[in-house]
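Have a look at the structure below before the remarks.
The values are calculated or read from the model by the stated rules, or taken from the named source; none is laboratory data. Keep in mind that this is a model prediction, so the values were computed, not measured. Side chains included, ligands, DNA and RNA excluded: accessible areas come from the protein's heavy atoms. Shrake-Rupley method; radii C 1.70, N 1.55, O 1.52, S 1.80 Å.
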Amino acid sequence: MGNFRPTPPCDLETGPHKARPPPPPSPHFHPPAPKSWFSWLVPLIFAANIAMFVYTMYYNDCPAHGNKDDCLFHKYLGRLSFQPFKENALLGPSSNTLLKLGGLEKKLVVEGGEGWRLLSCMWLHVGVVHLAANMLSLLFIGIRLEQEFGFVRIGVLYLLAGFGGSLLSALHAKSTVSVGASGALFGLLGAMLSELLTNWTIYANKCAALFSLVIIIAINLAVGFLPGVDNSAHIGGFISGFLLGFILLVRPQFGYVSRRYIPPGYEIKRKPKHKCYQYLYGITALVLLILGYAYGSYELFTGQKMFSLPV
């Protein structure tokens, strides 16, 4: 007799039984890459500062208030010519013009009730050199931040940081008029640092990014110690921006997937949107920011310290 090979059990509907394939791996869902915002607010701020400087020089009208031959480039610029070099080495208007148009002067803010100067001084500049340095920094830093976080958050950050810089500048003011967007720009630098710290999990080259940013900040702060530079505005703007970054520039932690990117029928374990330390940073920064603004405003307008340390 021949060899007999038993046939495998058979199901009338599915045929012979086969080994079941292994279950498919759990699906991994990734949100789409964040879309870049269109930057229009920072270019608008840039244009507003340029327009304000042109108007400042038009209002200054150097030839009408002295010997026109002393005005720099009078032959080519006419009414827009600059004050004599010995009066303004940065190629700009007189200090009296800056004061009339909204420059920061402590006496006018406190005794004259002109608190609006804490914001208006952000849109004035001492001269072409001052304006060029600030506007290049604005475009270099501001456009990237607006593309990543949008115009609302960057606009609020810019104004509040500028206010913080003006507030500290007024508290330590001398007899000179203080103007410029430096406080707001240092606020953007400070916010970049806090954004790196609070969103630490999403960065690949963390230490390199932190080191390069700290070097840039240190160089800019060092410039503030040069004669004639109001470093109080720089420090006040930087601290304000640093605290605001923890509040306004928070991103979801690495690996977070929004429910709207998960197809119906799938249930996966999702990470929380933010880590606990991000909430802690944000709440602490908000409290410190409110206390700082309140204390600075109280001391500026009353001339009294809210807290006095025993000697």
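The figures follow:
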read-out	value
The stretch 145-203 - percent of accessible surface contributed by carbon and sulfur, probe 1.4 Å	66
Probe 1.4 Å, protein heavy atoms only - accessible area per residue of the stretch 133-252 in square angstrom	42
With DNA, RNA and ligands ignored, accessible area of residue 239 (1.4 Å probe; Å², nearest 10)	90
Cross-link pairs 68/107; 75/174; 75/100; 174/305; 86/174 - those with Cα-Cα distance over 30 Å	68/107; 75/174
D (Stokes-Einstein, µm²/s), Kirkwood Cα radius, the stretch 158-216, 1.306 mPa s at 10 °C	122
